[in-house]
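Below: one structure, written as structure tokens.
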Amino acid sequence: MWYSLSQQPINQPTQTPMPDWRLYVITDPRYGHGDALRDRVAAAIRGGATIVQLRDKTATTRALIEQARALLTITRAAGVPLIINDRVDVALAVGADGVHLGVDDMPIADARRLLGPHAIIGGSPETPEDALRMQREGATYLGVGDVFGTPTKPDAGAPIGIAGLQRIIALVDIPVIGIGGITPANAADVIRAGASGIAVVSAVMGAEDPAAAAQTLRHIIDRTRSEVEA
Ligand SMILES: Cc1ncc(COP(=O)(O)OP(=O)(O)O)c(N)n1
Ligand SMILES: Cc1nc(C(=O)O)sc1CCOP(=O)(O)O
Ligand SMILES: [Mg+2]
């Protein structure tokens, strides 16, 4: 059955398998553009990143599209989804796997209508009410933070801690990824709290060796998940 965009039901069950959320790596222009960015993303994937987000709040639309196309060749070859931060138009233009949207970005319901039932759509709630609304509107997952205090996003607000993260995990049925100030020293706490994965910028993209940094985090995540499941 065909739907016009306006008739397409939101929150339609998707046949697409759920991504592997364990290690979600987010780019930052501070750590390179062009080939340097591509090399860092490729290294992060070699080390064990399971999902990648292109996040660049300063690039022109044209530059963002170029970066997205360049990253897609790497992520597709590795079978890792590429998510575009903020920009539904860029995700559509390049055929990315999804978008990530905060409370000031396009509403999730509109993005779901535009991108269709199989797109990965992440939401960043600021309150429990936001979390429930985003889930209702068709978010695939939530990125919840700032958990520990981030050096990367100055407007992230006060840290919510593990207790704040757990509150959202208990409230929704969709996967929750912890974000904000996550390092090898605290990643296990996020997984023990029930998060499906961790999202990091500086701990991998800002590392001298992104492959080694991703590998260290993956070991911690996988070990902690085994402990929790035992
Ligand atoms: C995985 C993930 N979680 C949270 C965010 C933050 O999104 P948002 O609140 O829209 O802030 P900006 O990233 O746009 O500054 C994210 N990007 N990814
Ligand atoms: C993109 C982003 N969103 C956040 C939120 O709290 O919603 S914190 C953040 C940046 C995370 O970077 P780092 O791993 O360097 O702390
Ligand atoms: Mg945003």
**Prompt:** Given a Förster distance of 22 angstrom, what is the FRET efficiency for Asp155 paired with Ala212, based on the Cβ-Cβ distance and rounded to 0.05?
**Reply:** 0.15
**Asked** What does the charge count near Arg76 come to, summing +1 for each Lys or Arg and -1 for each Asp or Glu among other residues with Cβ under 12 Å from its Cβ?
**Response** 0
**Asked** Stretched out fully, how many nm does the piece from Thr61 to Arg46 gain, at 0.36 nm a residue minus the Cα gap?
**Response** 2.6 nm
**Request:** Evaluate region 16-57: find the radius of gyration of its Cα atoms, find its Kirkwood radius, and give the ratio Rg to Rh.
**Result:** 1.01
**Request:** Take the chain, compute every pairwise Cα distance, and split them into 5 Å bins from 0; I just need the percent in each bin.
**Result:** 1, 7, 15, 19, 21, 17, 12, 5, 2, 0, 0
**Asked** Relative to the present Cα-Cα distance, how much length would full extension add between Glu129 and Ser226 at 0.36 nm per residue of separation?
**Response** 31.7 nm
**Message:** Run the paramagnetic zone check for Ala36: 7 angstrom along Cα to Cβ, then residues of region 151-181 with backbone nitrogen under 20 Å.
**Reply:** 151-153
**Asked** So how do Ser226, Ser196, Ser202 line up by other beta-carbon neighbours within 10 Å, fewest first?
**Response** Ser226, Ser202, Ser196
**Message:** Apply the a/c threshold of 1.5 to the C-alpha gyration tensor of region 97-230 and tell me whether it is rounded, prolate or oblate.
**Reply:** prolate
**Simple spin-label estimate for Asp104 and Asp20 in nanometres, 7 Å along Cα-Cβ** = 3.5
**Prompt:** Where Lys and Arg each count +1 and Asp and Glu each count -1, what net charge lies around Gly95 among other residues with Cβ under 10 Å from its Cβ?
**Reply:** +1
**Asked** Per-residue ellipticity at 222 nm for the chain, helices alone: DSSP H runs ≥ 4 residues times -39500 (n - 2.57), over residue total, nearest 500 deg cm²/dmol?
**Response** -13000 deg cm²/dmol
**Under 13 Å, Cβ to Cβ, from Glu129 - net charge with Lys/Arg +1 and Asp/Glu -1** = 0
**Prompt:** In region 81-158, which trypsin sites (Lys or Arg not before Pro) are in a loop and have at most 16 other Cβ atoms within 10 Å, using DSSP for the loop call?
**Reply:** none
**Request:** Looking at the chain, send over the antiparallel percent of its DSSP beta bridges, to the nearest 5.
**Result:** 0
**Message:** Cut-off 10 angstrom, C-alpha nodes, Gaussian network model of the chain. Which of Ile45, Ile191, Ile160 fluctuates the most?
**Reply:** Ile160
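Since every read-out is calculated from the coordinates, none of them should be taken as a lab result. This structure is a prediction, so every number in the text was calculated from the model and none was measured. Don't worry about glycine lacking a Cβ; one is built from the backbone with ideal geometry, like all the others, and counts go over all protein chains shown.
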